[in-house]
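**Student:** Quick one: this structure, given as C-alpha coordinates, is what I'll be asking you about.
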Amino acid sequence: MNTGNMIRSLAVAACVLTLSACDESKTSNKEQSQPSAEQAEVLKYNAYVEVANSFQRSYAKELATFQSYVQPVLDGKDKNDNLFYSTNNLDRLKNALAKAREMKPDMAELDGSADAYRDAAEKAEPLDRDMGNYIAAKTYLSDKGVHGREIGPAFIAAMEALAAAQGNFISAIDAKDRARIKTEFESAQKDTRDYFRIGMIYHIKESMDAADGFLQGKGLGDRKDALKTSLDQFNTMATGYDAKVREKNHAGCSSMMLNVNAYLSTGRQIILRTENGRYQEDKKAQFQMMSAERQDATQLLQDYNNVINAINFNKC
(Lines give C-alpha, C1' and ligand atoms only; values in the text may rest on other atoms or scores of the structure.)
Protein backbone atom coordinates (compact mmCIF):
# COMPACT_ATOMS: atom_id res chain seq x y z
CA MET A 1 0.00 0.00 0.00
CA ASN A 2 1.42 3.36 -1.05
CA THR A 3 0.89 6.18 1.45
CA GLY A 4 2.85 8.83 -0.39
CA ASN A 5 -0.14 10.87 -1.51
CA MET A 6 -3.20 9.20 -0.06
CA ILE A 7 -4.01 7.66 3.30
CA ARG A 8 -6.52 4.89 2.82
CA SER A 9 -5.79 2.51 5.66
CA LEU A 10 -8.78 3.36 7.80
CA ALA A 11 -8.87 0.19 9.85
CA VAL A 12 -11.93 -1.44 11.35
CA ALA A 13 -12.17 -1.63 15.11
CA ALA A 14 -12.43 -5.14 16.49
CA CYS A 15 -15.34 -5.94 18.73
CA VAL A 16 -14.36 -5.36 22.36
CA LEU A 17 -15.89 -8.60 23.61
CA THR A 18 -15.35 -11.05 20.80
CA LEU A 19 -13.63 -10.79 17.48
CA SER A 20 -16.75 -11.42 15.45
CA ALA A 21 -20.02 -10.51 17.18
CA CYS A 22 -19.72 -6.74 16.97
CA ASP A 23 -23.41 -6.05 16.48
CA GLU A 24 -25.07 -7.98 19.25
CA SER A 25 -22.60 -8.81 22.06
CA LYS A 26 -23.51 -7.58 25.54
CA THR A 27 -21.63 -7.65 28.82
CA SER A 28 -21.98 -6.43 32.39
CA ASN A 29 -20.15 -3.44 33.83
CA LYS A 30 -18.12 -5.81 36.00
CA GLU A 31 -16.97 -7.78 32.96
CA GLN A 32 -16.05 -4.56 31.17
CA SER A 33 -13.91 -3.39 34.12
CA GLN A 34 -11.99 -6.68 34.22
CA PRO A 35 -11.19 -7.58 30.62
CA SER A 36 -9.87 -11.02 29.81
CA ALA A 37 -6.51 -11.42 28.08
CA GLU A 38 -8.30 -11.62 24.73
CA GLN A 39 -10.39 -8.55 25.48
CA ALA A 40 -7.30 -6.62 26.61
CA GLU A 41 -5.59 -7.40 23.31
CA VAL A 42 -8.63 -6.21 21.38
CA LEU A 43 -8.80 -3.01 23.44
CA LYS A 44 -5.17 -2.24 22.66
CA TYR A 45 -5.64 -3.09 19.00
CA ASN A 46 -8.63 -0.74 18.88
CA ALA A 47 -6.54 2.02 20.48
CA TYR A 48 -4.01 1.66 17.67
CA VAL A 49 -6.83 1.62 15.13
CA GLU A 50 -8.15 4.86 16.60
CA VAL A 51 -4.72 6.47 16.13
CA ALA A 52 -4.58 5.31 12.51
CA ASN A 53 -8.09 6.57 11.85
CA SER A 54 -7.73 9.87 13.70
CA PHE A 55 -4.47 10.97 12.10
CA GLN A 56 -5.00 10.41 8.40
CA ARG A 57 -3.08 13.44 7.22
CA SER A 58 -0.36 12.27 4.83
CA TYR A 59 2.91 13.75 6.04
CA ALA A 60 4.54 12.80 2.76
CA LYS A 61 1.94 14.91 0.96
CA GLU A 62 2.40 17.76 3.44
CA LEU A 63 6.14 17.72 2.80
CA ALA A 64 5.69 17.63 -0.96
CA THR A 65 3.39 20.66 -0.75
CA PHE A 66 5.94 22.50 1.39
CA GLN A 67 8.74 21.75 -1.05
CA SER A 68 6.65 22.82 -4.04
CA TYR A 69 5.12 26.04 -2.72
CA VAL A 70 6.92 27.23 0.41
CA GLN A 71 10.55 26.32 -0.03
CA PRO A 72 11.00 28.23 -3.33
CA VAL A 73 9.85 31.41 -1.57
CA LEU A 74 12.23 30.86 1.34
CA ASP A 75 15.05 30.19 -1.13
CA GLY A 76 14.30 33.44 -2.95
CA LYS A 77 13.35 31.66 -6.17
CA ASP A 78 9.71 32.74 -5.99
CA LYS A 79 7.71 35.53 -4.39
CA ASN A 80 4.61 35.15 -2.25
CA ASP A 81 3.61 37.49 0.56
CA ASN A 82 0.77 35.23 1.70
CA LEU A 83 2.28 31.80 2.35
CA PHE A 84 0.31 29.28 4.36
CA TYR A 85 1.61 26.32 6.33
CA SER A 86 -0.63 24.37 8.68
CA THR A 87 1.15 22.66 11.55
CA ASN A 88 0.42 18.97 12.09
CA ASN A 89 -0.68 18.77 15.75
CA LEU A 90 2.08 16.29 16.49
CA ASP A 91 1.68 16.61 20.27
CA ARG A 92 -1.74 14.95 20.02
CA LEU A 93 -0.27 12.22 17.82
CA LYS A 94 2.58 11.57 20.29
CA ASN A 95 0.18 11.35 23.22
CA ALA A 96 -2.25 9.06 21.42
CA LEU A 97 0.55 6.70 20.41
CA ALA A 98 2.05 6.71 23.91
CA LYS A 99 -1.33 5.94 25.49
CA ALA A 100 -1.96 3.00 23.15
CA ARG A 101 1.62 1.72 23.51
CA GLU A 102 1.39 1.60 27.31
CA MET A 103 -1.60 -0.72 27.20
CA LYS A 104 -1.15 -4.43 27.80
CA PRO A 105 -0.43 -6.95 26.41
CA ASP A 106 2.64 -6.37 24.27
CA MET A 107 1.90 -6.61 20.53
CA ALA A 108 5.17 -7.22 18.70
CA GLU A 109 3.60 -6.70 15.26
CA LEU A 110 2.43 -3.17 16.18
CA ASP A 111 4.45 -1.90 19.15
CA GLY A 112 7.69 -1.47 17.22
CA SER A 113 6.19 0.62 14.44
CA ALA A 114 4.22 2.64 17.02
CA ASP A 115 7.43 3.41 18.93
CA ALA A 116 9.18 4.53 15.74
CA TYR A 117 6.18 6.67 14.76
CA ARG A 118 6.06 8.34 18.16
CA ASP A 119 9.82 9.00 18.14
CA ALA A 120 9.60 10.53 14.66
CA ALA A 121 6.69 12.74 15.77
CA GLU A 122 8.63 13.86 18.84
CA LYS A 123 11.62 14.89 16.73
CA ALA A 124 9.52 16.61 14.08
CA GLU A 125 7.19 18.50 16.44
CA PRO A 126 9.46 21.43 17.46
CA LEU A 127 10.61 21.96 13.87
CA ASP A 128 7.07 21.74 12.57
CA ARG A 129 5.90 24.24 15.18
CA ASP A 130 8.82 26.58 14.49
CA MET A 131 8.14 26.54 10.76
CA GLY A 132 4.42 27.08 11.30
CA ASN A 133 4.96 30.10 13.56
CA TYR A 134 7.61 31.51 11.23
CA ILE A 135 5.28 31.42 8.23
CA ALA A 136 2.11 32.44 10.11
CA ALA A 137 3.85 35.56 11.46
CA LYS A 138 5.26 36.29 7.97
CA THR A 139 8.71 36.56 9.49
CA TYR A 140 9.99 35.23 6.17
CA LEU A 141 9.14 38.64 4.74
CA SER A 142 11.15 40.59 7.30
CA ASP A 143 14.22 38.34 7.36
CA LYS A 144 14.09 37.47 3.65
CA GLY A 145 13.73 33.75 4.39
CA VAL A 146 16.92 33.47 6.44
CA HIS A 147 15.49 31.49 9.38
CA GLY A 148 13.47 29.29 7.03
CA ARG A 149 16.63 28.36 5.16
CA GLU A 150 18.45 27.70 8.43
CA ILE A 151 15.92 25.21 9.78
CA GLY A 152 14.84 23.93 6.36
CA PRO A 153 17.24 20.94 6.07
CA ALA A 154 16.45 19.68 9.58
CA PHE A 155 12.72 20.26 9.05
CA ILE A 156 12.71 18.35 5.76
CA ALA A 157 14.73 15.46 7.21
CA ALA A 158 12.39 15.22 10.21
CA MET A 159 9.29 15.28 8.00
CA GLU A 160 10.76 12.61 5.71
CA ALA A 161 11.37 10.40 8.75
CA LEU A 162 7.85 11.11 10.02
CA ALA A 163 6.32 10.22 6.65
CA ALA A 164 8.25 6.94 6.55
CA ALA A 165 7.23 6.08 10.12
CA GLN A 166 3.61 6.88 9.31
CA GLY A 167 3.72 4.56 6.31
CA ASN A 168 5.24 1.73 8.36
CA PHE A 169 2.68 2.13 11.14
CA ILE A 170 -0.21 2.16 8.69
CA SER A 171 1.15 -0.92 6.91
CA ALA A 172 1.45 -2.77 10.24
CA ILE A 173 -2.12 -1.85 11.21
CA ASP A 174 -3.37 -2.84 7.75
CA ALA A 175 -1.64 -6.24 7.87
CA LYS A 176 -3.14 -7.11 11.25
CA ASP A 177 -6.50 -5.68 10.20
CA ARG A 178 -6.62 -7.89 7.10
CA ALA A 179 -5.54 -11.03 8.96
CA ARG A 180 -8.27 -10.49 11.56
CA ILE A 181 -10.93 -9.74 8.96
CA LYS A 182 -10.03 -12.83 6.92
CA THR A 183 -10.29 -15.02 10.01
CA GLU A 184 -13.62 -13.50 11.01
CA PHE A 185 -15.09 -13.78 7.54
CA GLU A 186 -14.11 -17.40 7.09
CA SER A 187 -15.44 -18.39 10.52
CA ALA A 188 -18.65 -16.33 10.55
CA GLN A 189 -21.94 -18.18 10.41
CA LYS A 190 -23.46 -17.68 6.97
CA ASP A 191 -26.62 -15.62 6.45
CA THR A 192 -26.26 -13.72 9.73
CA ARG A 193 -25.93 -10.03 10.42
CA ASP A 194 -22.32 -10.51 11.54
CA TYR A 195 -21.50 -12.47 8.40
CA PHE A 196 -22.75 -9.71 6.10
CA ARG A 197 -21.03 -7.03 8.16
CA ILE A 198 -17.60 -8.66 8.03
CA GLY A 199 -18.23 -9.60 4.39
CA MET A 200 -18.73 -5.92 3.58
CA ILE A 201 -15.37 -5.11 5.12
CA TYR A 202 -13.60 -8.02 3.46
CA HIS A 203 -14.83 -7.18 -0.04
CA ILE A 204 -14.50 -3.39 0.17
CA LYS A 205 -10.84 -3.86 1.07
CA GLU A 206 -10.49 -6.26 -1.86
CA SER A 207 -11.96 -3.61 -4.13
CA MET A 208 -9.53 -0.99 -2.87
CA ASP A 209 -6.65 -3.37 -3.54
CA ALA A 210 -7.91 -3.75 -7.10
CA ALA A 211 -8.14 0.04 -7.42
CA ASP A 212 -4.70 0.72 -5.94
CA GLY A 213 -3.02 1.41 -9.29
CA PHE A 214 -5.81 3.80 -10.19
CA LEU A 215 -5.42 5.63 -6.88
CA GLN A 216 -1.72 6.06 -7.58
CA GLY A 217 -2.43 7.57 -11.01
CA LYS A 218 -1.49 4.48 -13.04
CA GLY A 219 -4.97 3.45 -14.16
CA LEU A 220 -6.74 0.15 -13.51
CA GLY A 221 -4.50 -1.84 -15.84
CA ASP A 222 -5.36 -5.54 -15.64
CA ARG A 223 -7.31 -5.06 -12.40
CA LYS A 224 -10.54 -3.79 -13.96
CA ASP A 225 -12.35 -7.13 -13.79
CA ALA A 226 -11.13 -7.71 -10.24
CA LEU A 227 -12.53 -4.34 -9.23
CA LYS A 228 -15.87 -5.08 -10.87
CA THR A 229 -16.14 -8.47 -9.13
CA SER A 230 -15.21 -7.15 -5.70
CA LEU A 231 -17.67 -4.24 -6.02
CA ASP A 232 -20.45 -6.69 -6.89
CA GLN A 233 -19.53 -8.87 -3.90
CA PHE A 234 -19.43 -5.84 -1.63
CA ASN A 235 -22.87 -4.83 -2.92
CA THR A 236 -24.23 -8.29 -2.11
CA MET A 237 -22.89 -8.14 1.43
CA ALA A 238 -24.16 -4.60 2.03
CA THR A 239 -27.69 -5.33 0.85
CA GLY A 240 -27.65 -8.54 2.89
CA TYR A 241 -26.61 -6.59 5.98
CA ASP A 242 -29.33 -4.01 5.43
CA ALA A 243 -31.89 -6.80 5.04
CA LYS A 244 -30.81 -8.37 8.34
CA VAL A 245 -31.10 -5.00 10.09
CA ARG A 246 -34.61 -4.59 8.65
CA GLU A 247 -35.68 -7.88 10.21
CA LYS A 248 -35.55 -6.11 13.59
CA ASN A 249 -35.92 -2.50 12.50
CA HIS A 250 -38.02 -1.64 9.46
CA ALA A 251 -36.02 1.58 9.00
CA GLY A 252 -33.02 -0.50 8.04
CA CYS A 253 -29.60 1.10 7.86
CA SER A 254 -30.23 3.98 5.46
CA SER A 255 -27.31 6.11 6.64
CA MET A 256 -24.81 3.33 6.00
CA MET A 257 -26.41 2.43 2.67
CA LEU A 258 -26.07 6.04 1.58
CA ASN A 259 -22.29 5.72 1.97
CA VAL A 260 -22.28 2.24 0.46
CA ASN A 261 -24.13 3.39 -2.65
CA ALA A 262 -21.85 6.40 -3.06
CA TYR A 263 -18.80 4.13 -3.00
CA LEU A 264 -20.32 1.68 -5.47
CA SER A 265 -21.38 4.52 -7.76
CA THR A 266 -17.89 6.01 -7.88
CA GLY A 267 -16.22 2.63 -8.36
CA ARG A 268 -18.50 1.66 -11.22
CA GLN A 269 -18.09 5.08 -12.81
CA ILE A 270 -14.32 4.56 -12.76
CA ILE A 271 -14.74 1.25 -14.58
CA LEU A 272 -17.02 2.86 -17.17
CA ARG A 273 -14.70 5.79 -17.77
CA THR A 274 -11.77 3.40 -18.11
CA GLU A 275 -13.66 1.33 -20.68
CA ASN A 276 -15.02 4.23 -22.74
CA GLY A 277 -11.68 6.05 -22.89
CA ARG A 278 -12.80 9.11 -20.94
CA TYR A 279 -9.59 9.28 -18.94
CA GLN A 280 -7.39 8.97 -22.01
CA GLU A 281 -9.29 11.73 -23.76
CA ASP A 282 -9.08 13.84 -20.66
CA LYS A 283 -5.28 13.60 -20.66
CA LYS A 284 -5.16 15.26 -24.08
CA ALA A 285 -6.94 18.36 -22.80
CA GLN A 286 -4.91 21.33 -21.62
CA PHE A 287 -5.14 23.78 -18.74
CA GLN A 288 -6.91 21.50 -16.26
CA MET A 289 -6.71 22.16 -12.54
CA MET A 290 -7.47 18.49 -11.80
CA SER A 291 -8.21 15.71 -14.25
CA ALA A 292 -11.35 13.59 -14.05
CA GLU A 293 -9.12 10.64 -13.17
CA ARG A 294 -7.65 12.47 -10.15
CA GLN A 295 -11.09 13.71 -9.12
CA ASP A 296 -12.50 10.19 -9.26
CA ALA A 297 -9.54 8.77 -7.33
CA THR A 298 -10.01 11.37 -4.61
CA GLN A 299 -13.75 10.69 -4.49
CA LEU A 300 -13.27 6.91 -4.31
CA LEU A 301 -10.90 7.31 -1.40
CA GLN A 302 -13.33 9.63 0.40
CA ASP A 303 -16.28 7.31 -0.23
CA TYR A 304 -14.26 4.35 1.07
CA ASN A 305 -13.30 6.20 4.24
CA ASN A 306 -16.95 7.17 4.74
CA VAL A 307 -18.03 3.53 4.55
CA ILE A 308 -15.39 2.40 7.05
CA ASN A 309 -16.35 5.23 9.40
CA ALA A 310 -20.00 4.23 9.11
CA ILE A 311 -19.07 0.64 10.02
CA ASN A 312 -16.87 1.71 12.93
CA PHE A 313 -19.52 4.04 14.33
CA ASN A 314 -22.43 1.78 13.55
CA LYS A 315 -25.74 3.42 14.46
CA CYS A 316 -28.01 0.81 12.91
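**Student:** Do any residues in region 60-87 that are in the same structural domain as residue 129 (by TED's automatic domain parsing) and charged (D, E, K, R) have Cβ atoms under 9 Å from those of residues that are at pLDDT 95 or above and in a loop (DSSP other than H, G, I, E, B), where the two are at least six apart or on different chains, and which pairs are they?
**Tutor:** Within 9 Å, the pairs are 75/145; 81/138.
**Student:** Also, I was wondering about something else. Can you tell me which residue is nearest to residue 112 (Cα to Cα) among those in region 165-205 that are free of Cβ contacts under 8 Å to residues at least 60 places away in the same chain and of a type in the set (Gly, Ala, Ser)? Explain how you work it out, then say what you get.
**Tutor:** If we filter region 165-205 for residues that are free of Cβ contacts under 8 Å to residues at least 60 places away in the same chain, which is where we start, we get 165, 168, 178-179, 182, 185-186, 189-192, 195-196, 199, 202-203, 205.
If we keep only those that are of a type in the set (Gly, Ala, Ser) too, we end up with 165, 179, 199.
Details: 165: 10, 179: 18, 199: 30 Å.
The residue in question is 165.
**Student:** Restricting attention to region 234-269, and to residues there that are part of a loop (DSSP other than H, G, I, E, B) and small (Gly, Ala, Ser), which single residue is farthest from residue 188 (Cα to Cα)?
**Tutor:** In the first step, residues of region 234-269 are kept if they are part of a loop (DSSP other than H, G, I, E, B); the result is 249-253.
Subsequent filtering for residues that are small (Gly, Ala, Ser) retains 251-252.
Working: 251: 25, 252: 22 Å.
So, considering only residues that are part of a loop (DSSP other than H, G, I, E, B) and small (Gly, Ala, Ser), the one farthest from residue 188 (Cα to Cα) is 251.
**Student:** Does residue 272 satisfy the criteria of being at pLDDT 90 or above, in a helix (DSSP H, G or I), loosely packed, with under 14 Cβ neighbours inside 10 Å and touching a helix residue (DSSP H, G or I) at 6+ places or on another chain (Cβ under 9 Å)? Break it down into steps so the answer makes sense when it comes.
**Tutor:** Working: at pLDDT 90 or above: yes; in a helix (DSSP H, G or I): yes; loosely packed, with under 14 Cβ neighbours inside 10 Å: yes; touching a helix residue (DSSP H, G or I) at 6+ places or on another chain (Cβ under 9 Å): yes.
In short, yes.
**Student:** Consider region 275-297. How many of its residues are within 23 Å of the chain's Cα centre (by Cα), among the charged types (D, E, K, R) and either exposed (fewer than 12 other Cβ atoms within 10 Å of the Cβ) or more than 24 Å from residue 207 (Cα to Cα) (or both)?
**Tutor:** First, the residues of region 275-297 that are within 23 Å of the chain's Cα centre (by Cα): 290-297.
If we keep only those that are among the charged types (D, E, K, R) as well, we get 293-294, 296.
Then drop every residue that is not either exposed (fewer than 12 other Cβ atoms within 10 Å of the Cβ) or more than 24 Å from residue 207 (Cα to Cα) (or both), which leaves none.
Residues that pass the stated criteria total 0.
**Student:** Which one of these does residue 185 not meet: (1) in contact with a Phe, Trp or Tyr (Cβ under 7 Å, 6 or more places away or on another chain); (2) aromatic (Phe, Trp, Tyr); (3) within 23 Å of residue 63 (Cβ to Cβ)?
**Tutor:** Unmet condition: (3).
**Student:** Here is a follow-up. Looking only at region 121-163, count how many residues are free of Cβ contacts under 8 Å to residues at least 24 places away in the same chain and under 26 Å from the mean Cα position of the chain (by Cα).
**Tutor:** Counting residues in region 121-163 that are free of Cβ contacts under 8 Å to residues at least 24 places away in the same chain and under 26 Å from the mean Cα position of the chain (by Cα) gives 2.
**Student:** Go through region 116-140 residue by residue and tally those that are within 17 Å of residue 160 (Cα to Cα) and of a type in the set (A, V, I, L, M, F, W, C).
**Tutor:** Selection size over region 116-140: 6.
**Student:** Now a separate question. Give all pairs with beta carbons closer than 9 Å in which a residue from region 304-315 that is closer than 16 Å to residue 198 by Cβ and without any contact (Cβ under 8 Å) to a residue 60 or more places away in the chain meets a residue that is crowded, with 18+ Cβ neighbours inside 10 Å and among the polar types (S, T, N, Q); count only pairs at least 6 apart in sequence or on separate chains.
**Tutor:** Matching pairs, first to second residue: 310/259.
**Student:** Being surrounded by fewer than 19 Cβ atoms within 10 Å (Cβ to Cβ), within 24 Å of the chain's Cα centre (by Cα) and of a type outside the set (A, V, I, L, M, F, W, C) is the requirement here; does residue 259 meet it?
**Tutor:** On the way: surrounded by fewer than 19 Cβ atoms within 10 Å (Cβ to Cβ): no; within 24 Å of the chain's Cα centre (by Cα): yes; of a type outside the set (A, V, I, L, M, F, W, C): yes.
Here the answer is no, as residue 259 does not meet what is asked.
**Student:** Ok, one more. Considering region 89-120 alone, what residues qualify as being in a helix (DSSP H, G or I), aliphatic (A, V, I, L, M) and in contact (Cβ under 8 Å) with a residue 12 or more places away in the chain? Write out each step before concluding.
**Tutor:** Of all residues in region 89-120, those in a helix (DSSP H, G or I) come to 90-102, 108-120.
Narrowing further to those that are aliphatic (A, V, I, L, M): 90, 93, 96-98, 100, 108, 110, 114, 116, 120.
Scanning region 89-120 gives 90, 93, 96, 97, 98, 100, 110, 114, 116, 120.
**Student:** Tally up the residues in region 235-259 that are in contact with an Asp or Glu (Cβ under 8 Å, 6 or more places away or on another chain) and either closer than 13 Å to residue 300 by Cβ or in contact (Cβ under 8 Å) with a residue 60 or more places away in the chain (or both), please.
**Tutor:** Total satisfying the criteria: 4.
**Student:** Also, I was wondering about something else. Is it the case that region 198-221 has a residue that's more than 18 Å from the chain's Cα centre (by Cα) and at positive phi?
**Tutor:** So the first thing to find is which residues in region 198-221 are more than 18 Å from the chain's Cα centre (by Cα), and the list is 198-199, 218-221.
Add one more test, that the residue is at positive phi, and what stays is 219, 221.
The answer is yes; a qualifying residue exists.
The values are calculated or read from the model by the stated rules, or taken from the named source; none is laboratory data. Computed from a predicted model, the values in this text were never measured in an experiment. FYI the Cβ positions are ideal-geometry reconstructions off the backbone, even for glycines, and counts take in every protein chain you see.
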